[in-house]
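Colleague: Mind having a look at this structure? Questions to follow.
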Amino acid sequence: MNDLDIKRRELFSVGPHMLGLIFIAIGIFTLVSPLFMGGNTTVLKASLAGGSSIVVGCMIIASYGGTYFDFTEKRYKEYYSISGFRIGRWQTIPAVRSIKVFPHTFKGTRTADGIHPSTSGNVTLFVLALYADKPKPVLVFENRNMDKTMREAKILSEKLKVLMDIQLSETNGVFEIKK
């Protein structure tokens, strides 16, 4: 394995993916609307409008961002993928001195919009940070899945020949690794 693809993708998050799901729901409604709605809407018009909406929704859902590492060429690309086409520029991987993995817990809230009640709760993201000589990290990746973050950190550590600094502490039995 001479490459690593770290994707930033959440299907049911608020934002573009939710918009894609809305387009798909509207498309399905438009497709079935001639069955129960009167008027002069033809099946062809409903099929074209509904099908177009479903295609656009699928394209939006299939779009995501990420970072692709090519270890043979010692470069990386921060990209945005639109229906499988990755748009981004290649950059040289900096001289990484350390890789740190640590949890970041914060209180997440969704503001009420006047219709839905607001929700709040603790959100834990696992941070994978690549450090060069400066105290500020060169690259930072956040993920909700600890196992995925650890796999990616291990691959980066092996390929870049850098030691990992894992700072996961056990809080209410949530985290298992502590170094």
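All of the numbers you see were taken from the coordinates with simple rules; none came from a lab. Please read all numbers here as calculations on a predicted model, not as lab measurements. In this analysis, Cβ positions are derived from the backbone assuming ideal geometry, glycine residues included, and neighbour counts consider all displayed protein chains.
Colleague: With the crude spin-label approximation of a point 7 Å out along Cα→Cβ, what separation in nm comes out for residue 48 versus residue 28?
Modeller: Between residue 48 and residue 28, the simple spin-label model gives 2.5 nm.
Colleague: I need the shape label for segment 16-61. Rule: rounded when a/c is under 1.5, else prolate if a/b > b/c, else oblate, with a, b, c from the alpha carbon gyration tensor.
Modeller: Judged from the Cα gyration tensor, segment 16-61 comes out prolate (a/c at least 1.5, a/b above b/c).
Colleague: Hey, which of these cross-link pairs are over 24 Å Cα-Cα: 77/107; 107/134; 107/161; 7/134; 107/154; 136/159?
Modeller: Values: 77/107 32 Å; 107/134 29 Å; 107/161 36 Å; 7/134 26 Å; 107/154 29 Å; 136/159 22 Å.
Violating the 24 Å limit, Cα to Cα: 77/107; 107/134; 107/161; 7/134; 107/154.
Colleague: With each pseudo-label sitting 7 Å past Cα toward Cβ, what's the residue 73-residue 161 distance in nm, one decimal?
Modeller: 2.2
Colleague: Can I ask one more? Test of understanding: what is the full-extension gain from residue 90 to residue 132, defined as 0.36 nm times their sequence separation minus their Cα-Cα distance?
Modeller: 13.3 nm
Colleague: May I pose another question? Once you place label points 7 Å from the Cα toward the Cβ at residue 83 and residue 8, how far apart are they in nm?
Modeller: Taking the two extended label points, one gets 2.3 nm.
Colleague: Using Cα pairs under 8 angstrom and six or more residues apart, how large is the relative contact order of segment 16-61, in percent?
Modeller: Details: 56 pairs, mean separation 27.7, N = 46.
Relative contact order for segment 16-61 comes out at 60 percent.
Colleague: Students often get this wrong: which residues of segment 71-95 have the backbone nitrogen under 12 Å from the point 7 angstrom along Cα-to-C-beta of residue 55?
Modeller: Inside the label zone: nothing.
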